[in-house]
Amino acid sequence: MKRALTAIIFAATLVGLLGGCASTRVVESEVNSFARWAPGPPAPGSSYRFERLPSQQQADPSQARLESLAQAALARVGLQHNPQAAGFSVQVSASSQPLLRSRWDGGYPYGSPNIFIGGGSGMGVSSVGVGFGFGFPLGGMDTPMYRREVSIVMRELRSNVAVYETRAVSEEPWLDTDPVLSAMLDAALRGFPVPPAGPRRINVEVKP
């Protein structure tokens, strides 16, 4: 009886850990940023306005949604969206591409790992078991990944000189684009206004 109770407690703990993993996600991005402030970085509260490239149609709802996500990310680093009194312009762009790869290309050669928990009773004795196995998807294709990229270019309006450029690239399986793009924008702006030189990997936690 004591052994069965211990197994139940262990299984419940494992389920809780798995549930905790499902409730939060981490978006990993490869980030590269460049700054050329003259005479110096913008003060907190500096204002900006969005500028769109000719390819970014004015009526495109996806661009408006992206700018809304970028506005929130820029506010978190101390910039204010104020087109009427802007000292800077911001161009933001994003792309997303599905990547379908065979499970045999890498990773687990025998399918994806699965953890399963089972319980039962018989002859008046309860039991709980925890197992580990591999699953094989039909067609041999792995879960699709999505390669996403976000880019931010900031210009000083008075001189029309590009003073800040940053880019983040990520490959994740998540279907919900907006939370992932928001995390990538935060990653792209990490270290603003004076980011470290060279490419870096940045993880941002996404909560439900």
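The values are calculated or read from the model by the stated rules, or taken from the named source; none is laboratory data. What you see is a predicted model; the values in this text were computed from it and never measured. FYI the Cβ positions are ideal-geometry reconstructions off the backbone, even for glycines, and counts take in every protein chain you see. The area values use the complete protein model at the heavy-atom level, side chains included, leaving out ligands, DNA and RNA. Shrake-Rupley method; radii C 1.70, N 1.55, O 1.52, S 1.80 Å.
Right, GLY107: small (Gly, Ala, Ser), on the phi > 0 side of the Ramachandran plot and at pLDDT below 50 or not? Yes, satisfied. Which pairs turn up if I take residues in region 85-99 that are touching a residue at least 40 places away in the same chain (Cβ under 8 Å) and look for partners that are part of a loop (DSSP other than H, G, I, E, B) and open to solvent by less than 30 Å² (accessible area, probe 1.4 Å) with beta carbon separation below 8 Å, at least 6 apart in sequence or on another chain? Sorted first by the residue in region 85-99, then by its partner, the pairs are GLY87/PRO42; GLY87/SER46; PHE88/PRO42; PHE88/SER46; PHE88/LEU79; SER93/GLN56.
Looking only at region 165-180, residues that are touching an Asp or Glu at 6+ places or on another chain (Cβ under 9 Å) and crowded, with 18+ Cβ neighbours inside 10 Å come to 6 in all. Residue count for region 139-164, restricted to those that are open to solvent by less than 50 Å² (accessible area, probe 1.4 Å) and modelled with pLDDT of 95 or more: 11.
Pairs needed: first member in region 150-176, closer than 17 Å to VAL26 by Cα; second member anywhere, basic (Lys, Arg) and buried (at least 18 other Cβ atoms within 10 Å of the Cβ); C-beta distance under 6 Å; at least 6 residues apart or different chains. Pairs found: SER170/ARG148.
Does ALA183 satisfy the condition of being part of a helix (DSSP H, G or I) and small (Gly, Ala, Ser)? So ALA183 fits the description; yes. All conditions but one from (1) modelled with pLDDT under 95; (2) part of a helix (DSSP H, G or I); (3) open to solvent by 50 Å² or more (accessible area, probe 1.4 Å) apply to PRO41; the one that does not is (2).
Out of curiosity, is SER55 closer than 13 Å to ALA94 by Cβ, part of a helix (DSSP H, G or I) and without any contact (Cβ under 8 Å) to a residue 12 or more places away in the chain? It is false that SER55 is closer than 13 Å to ALA94 by Cβ, part of a helix (DSSP H, G or I) and without any contact (Cβ under 8 Å) to a residue 12 or more places away in the chain.
Picking from residues in region 59-104 that are open to solvent by less than 60 Å² (accessible area, probe 1.4 Å) and part of a loop (DSSP other than H, G, I, E, B), the one that is modelled with the lowest pLDDT is ASP60.
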